[in-house]
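**Q** Structure in structure tokens, see below.
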Amino acid sequence: MTIDINKIRHDFLILSEKIYGKSLVYFDNAATSQTPTQVTDVMLEYYNKYNSNIHRGVHYLSNKSTEGAENARIKVQKFINAEHSHEVIFTRGTTESVNLVANSFGECYISEGDEVLVSEMEHHSNIVPWQMLCQRKKAILKVLPFNDNGELMLEKLPELITDRTKILAVNHISNALGTTNPIKEIIDFAHSKNVPVLIDAAQSVQHKKIDVQALDADFLVFSGHKLYGPTGIGVLYGKEKYLNEMPPWQGGGEMIQEVTFEKTTYNELPFKFEAGTPNYIAEIGLGAAIDYVEAIGLDVIDAYEQELLDYATEKFQAIPNMKIYGTAKHKSSLISFLVEGIHFYDMGMLLDQMGIAVRTGTHCAEPVMTHFGIEGTVRASFAFYNTKEEIDVLIAGIEKVCKMFGAKTV
Amino acid sequence: MTIKEIQEEIIEEFVGFDDWMDKYAYLIELGTDLSGLESQYQTDQNLIKGCQSKVWFNAKLEDGVVKIEADSDAIIVKGIAALLIRVFNNQTPEAIMNADLHFIDEIGLKQHLSPTRSNGLVAMVKQIKMYGLAFNQKMNN
Ligand SMILES: Cc1ncc(COP(=O)(O)O)c(C=O)c1O
């Protein structure tokens, strides 16, 4: 099966928007992906027909909302092939999922002198919560470095993992470099040292089929808004054995069994970790987004996006003074780059004038920029609704910017 | 010239640009030509750190008028800074304090000075105004 690009582009209304009178070229998919009408329609339908607080009502609407939200949990479970649906915890997003684990797992398992291992190419949301935990517990944060191609130096793992290492947190795909990390290999090695692993899949669930059981991942986190779903919803997958032992992180309604002023007993999984009224309409939207990508097929999506990446990479390399950051052998469909002599913000601003949306700056991964001794990059990230024609527009845009600068500098 | 007159002059210049490319090419030219700040002044103290680009900014009071210098690592930001300098440099603290900055809007660069842009320019304008206020107080003491 191949992608029926015209049909798909009709599903995303925003793609036919005009920006400063020009056709939008949206290449900021790694930050937030666009949402198809199949998702927005379902959410609208729930708002207009079934909206009601879940898990507590006796009435029809509440049951409908509850059913929608719990079906969404099962969709997520199947999507990542979790063994149980109660291993799927809904959160606000990747960031909140990591914070939940850092706080709750950290409370349970980490004490003074213990070590937490992250990689040098993590998003800040997979660094800062661990750093805060380490400060609280007087534990030590260690870092697995990457080489100049942007590939993790796995040969360093044996010396970095010690008998004090309590958890390893690493991304599947780097949002700043595009590197696809060999997480199965990493998990296997960590497990051979009895170290559990958290996978930040924020940049990978939308590109690659994930099977948490085959990977044997202990925790896996991602966001709805990068998976063609709504904002404000994310997932924490955790193995039952950990989630059962971990204490609740936030207290409130829903997460309790019995409350007296002397003592509260907690609800069972997954509700123990879902205090308060959840973003159930977004949960339902996320379920619809999963249905949408599964109907196209992640393998079909991945193959097409790889084609876009190869096409773009070749064209990029032909541009004089172009430097691509992140040249790993296994990469996902994004290109982080700088043209010598042109500041990333200037490049981004001028591309914006042409209706081309890219991301500029550190991409919330300052250590990656530090590694290369730069302040930031321009990042173009492609989704399955993008086309080679749009990449041509980007290339022409970059060349135009180079010309504008060429005439003025040197 | 007064701050108002300089702004009118800039607006006049920009009317001549037919499309965005000419406008930005001009900003690039202004940015390239602005001598900027010598590295000794590119200190952390003078740095306004937006997360997208850096602006260094220095102001002093000399013979009753404010002398302003600025620099940026992004050329277009530096070009816009050059326009701000043209408007505010050699003006009295009082004039700066009371200035109504409208040219940015009229030459279609408003987006770059909106508070949601983290390029340092918004903070730069704020700083210039603050200096106007502070120098004005100093002169009246
Ligand atoms: C690899 C990675 N991790 C974590 C995040 C944070 O995701 P969110 O802001 O949705 O919590 C992002 C998003 O930018 C990301 O790319």
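**Q** Among the residues of segment A:355-372, what is the count of those that are among the aromatic types (Phe, Trp, Tyr) and in contact with a helix residue (DSSP H, G or I) (Cβ under 8 Å, 6 or more places away or on another chain)? Even if it seems obvious, please write down each step before you answer.
**A** To start, the set of residues in segment A:355-372 that are among the aromatic types (Phe, Trp, Tyr) comprises A:372.
Add one more test, that the residue is in contact with a helix residue (DSSP H, G or I) (Cβ under 8 Å, 6 or more places away or on another chain), and what stays is none.
Within segment A:355-372, residues that are among the aromatic types (Phe, Trp, Tyr) and in contact with a helix residue (DSSP H, G or I) (Cβ under 8 Å, 6 or more places away or on another chain) number 0.
**Q** If A:Ser336 satisfies every condition in (1) among the hydroxyl-bearing types (Ser, Thr, Tyr); (2) open to solvent by less than 10 Å² (accessible area, probe 1.4 Å); (3) at the interface with chain B (Cβ under 9 Å from one of its Cβ atoms) but one, which is the exception?
**A** Checking A:Ser336 against (1) among the hydroxyl-bearing types (Ser, Thr, Tyr); (2) open to solvent by less than 10 Å² (accessible area, probe 1.4 Å); (3) at the interface with chain B (Cβ under 9 Å from one of its Cβ atoms), the one that fails is (3).
**Q** Tell me, which strands (runs of 3 or more DSSP E) wholly within segment A:314-364 include 1 or more residues that are touching an Asp or Glu at 6+ places or on another chain (Cβ under 8 Å)? Steps first, please.
**A** Values: elements: A:322-325, A:334-339, A:359-361.
Fully inside segment A:314-364 and qualifying: A:322-325, A:359-361.
**Q** When only residues in segment B:63-73 that are within 11 Å of B:Asn89 (Cβ to Cβ) and of a type outside the set (Gly, Ala, Ser) count, which is nearest to the other protein chains (Cβ to nearest Cβ)? Let's see the steps before the verdict.
**A** If we filter segment B:63-73 for residues that are within 11 Å of B:Asn89 (Cβ to Cβ), which is where we start, we get B:65-70.
So of that shortlist, the ones also of a type outside the set (Gly, Ala, Ser) come out as B:65-69.
Numbers: B:Val65: 31, B:Val66: 27, B:Lys67: 26, B:Ile68: 22, B:Glu69: 19 Å.
The extreme case among them is B:Glu69.
**Q** Within segment A:11-27, can you find the residues that are within 14 Å of chain B (Cβ to nearest Cβ) and open to solvent by less than 20 Å² (accessible area, probe 1.4 Å)?
**A** To start, the set of residues in segment A:11-27 that are within 14 Å of chain B (Cβ to nearest Cβ) comprises A:19-22.
Within segment A:11-27, no residue meets the criteria.
**Q** Taking the condition of being open to solvent by 30 Å² or more (accessible area, probe 1.4 Å) and within 30 Å of A:Asp11 (Cβ to Cβ), how many residues in segment A:373-410 meet it?
**A** Residues of segment A:373-410 that are open to solvent by 30 Å² or more (accessible area, probe 1.4 Å), as a first pass: A:373-375, A:388-389, A:392-393, A:396, A:399-400, A:402-403, A:406-410.
Still in the list and also within 30 Å of A:Asp11 (Cβ to Cβ): A:388-389, A:392-393, A:396.
Looking only at that region, the number is 5.
**Q** Looking only at helices (runs of 4 or more DSSP H) that fall completely inside segment B:4-113, which ones have 2 or more residues that are aliphatic (A, V, I, L, M) and over 30 Å from A:Arg379 (Cα atoms)? Show your work before the answer.
**A** Values: elements: B:20-33, B:75-88, B:93-98, B:103-106.
Answer list for segment B:4-113: B:75-88, B:93-98.
**Q** Here's another thing I want to ask about it. Quick check on A:Val58: is it of a type in the set (A, V, I, L, M, F, W, C), out of contact with any strand residue (DSSP E or B) (no Cβ under 8 Å at 6 or more places or on another chain) and farther than 30 Å from A:Lys209 by Cβ? Full working, then the answer.
**A** Details: of a type in the set (A, V, I, L, M, F, W, C): yes; out of contact with any strand residue (DSSP E or B) (no Cβ under 8 Å at 6 or more places or on another chain): yes; farther than 30 Å from A:Lys209 by Cβ: yes.
The answer is yes for A:Val58.
**Q** For segment A:311-333, name all the residues that are within 22 Å of the chain's Cα centre (by Cα), surrounded by fewer than 18 Cβ atoms within 10 Å (Cβ to Cβ) and closer than 22 Å to A:Ser33 by Cα.
**A** Hit for segment A:311-333 is A:His330, nothing else.
**Q** Taking segment A:217-242, which residues are touching a Lys or Arg at 6+ places or on another chain (Cβ under 8 Å) and away from the ligand (no atom under 16 Å from the Cβ)?
**A** Correct list: A:Asp218 only.
**Q** Right, another one. I need a count of the residues in segment B:1-48 that are away from chain A (no Cβ under 14 Å) and of a type in the set (Asp, Glu).
**A** 7
**Q** Now for a separate question. Quick check on this structure: which one of A:Thr362, A:Thr370 is open to solvent by 10 Å² or more (accessible area, probe 1.4 Å), within 16 Å of B:Gln52 (Cα to Cα) and within 14 Å of another protein chain (Cβ to nearest Cβ)?
**A** Values: A:Thr370 fails: within 14 Å of another protein chain (Cβ to nearest Cβ).
After ruling out the rest, the residue left standing is A:Thr362.
**Q** Turning to a different aspect of this structure: Among what's in segment A:75-108 and is of a type in the set (Ser, Thr, Tyr) and away from the ligand (no atom under 12 Å from the Cβ), pick the residue that is farthest from the other protein chains (Cβ to nearest Cβ).
**A** Going through segment A:75-108, the residues of a type in the set (Ser, Thr, Tyr) turn out to be A:85, A:91, A:94-95, A:97, A:104.
Imposing the further condition that a residue be away from the ligand (no atom under 12 Å from the Cβ) reduces the set to A:85, A:104.
Values: A:Ser85: 39, A:Ser104: 30 Å.
Filtering first and then ranking leaves A:Ser85.
**Q** Among the numbered conditions (1) on the phi < 0 side of the Ramachandran plot; (2) within 14 Å of another protein chain (Cβ to nearest Cβ); (3) open to solvent by 10 Å² or more (accessible area, probe 1.4 Å), tell me where A:Gly341 comes up short.
**A** (1)
**Q** Collect the residues in segment A:109-131 that are open to solvent by less than 10 Å² (accessible area, probe 1.4 Å), outside any loop (DSSP other than H, G, I, E, B) and more than 16 Å from the ligand (Cβ to nearest atom), keeping them in residue-number order.
**A** Answer for segment A:109-131, where residues must be open to solvent by less than 10 Å² (accessible area, probe 1.4 Å), outside any loop (DSSP other than H, G, I, E, B) and more than 16 Å from the ligand (Cβ to nearest atom): A:Val116, A:Leu117.
**Q** Hey, another quick one. Inspect segment A:170-186 for any residue being outside the structural domain of A:Thr313 (by TED's automatic domain parsing), part of a helix (DSSP H, G or I), over 26 Å from A:Glu307 (Cβ atoms) and in contact with a strand residue (DSSP E or B) (Cβ under 8 Å, 6 or more places away or on another chain) and give the result as yes or no.
**A** Checking segment A:170-186: at least one residue is outside the structural domain of A:Thr313 (by TED's automatic domain parsing), part of a helix (DSSP H, G or I), over 26 Å from A:Glu307 (Cβ atoms) and in contact with a strand residue (DSSP E or B) (Cβ under 8 Å, 6 or more places away or on another chain).
**Q** Something else: Identify, please: which residue in segment A:187-202 is part of a loop (DSSP other than H, G, I, E, B) and under 15 Å from the mean Cα position of the chain (by Cα) and is, among those, surrounded by the fewest Cβ atoms within 10 Å (Cβ to Cβ)? If you could, list the steps in order and put the result at the bottom.
**A** Keep residues of segment A:187-202 that are part of a loop (DSSP other than H, G, I, E, B), which gives A:193-196, A:201-202.
Checking which are under 15 Å from the mean Cα position of the chain (by Cα) leaves us with A:201-202.
Values: A:Ala201: 30, A:Ala202: 27.
In this case the residue turns out to be A:Ala202.
**Q** Does B:Lys54 count as more than 11 Å from every other protein chain (Cβ to nearest Cβ) and in contact with a strand residue (DSSP E or B) (Cβ under 8 Å, 6 or more places away or on another chain)?
**A** Working: more than 11 Å from every other protein chain (Cβ to nearest Cβ): no; in contact with a strand residue (DSSP E or B) (Cβ under 8 Å, 6 or more places away or on another chain): yes.
The answer is no for B:Lys54.
The values are calculated or read from the model by the stated rules, or taken from the named source; none is laboratory data. Computed from a predicted model, the values in this text were never measured in an experiment. Here the Cβ is made from the backbone with ideal geometry for all residues, glycine too, and neighbour counts use every protein chain on show. Each accessible area value is taken on the protein alone, full model and side chains, heavy atoms only, with ligands, DNA and RNA left out. Shrake-Rupley method; radii C 1.70, N 1.55, O 1.52, S 1.80 Å.
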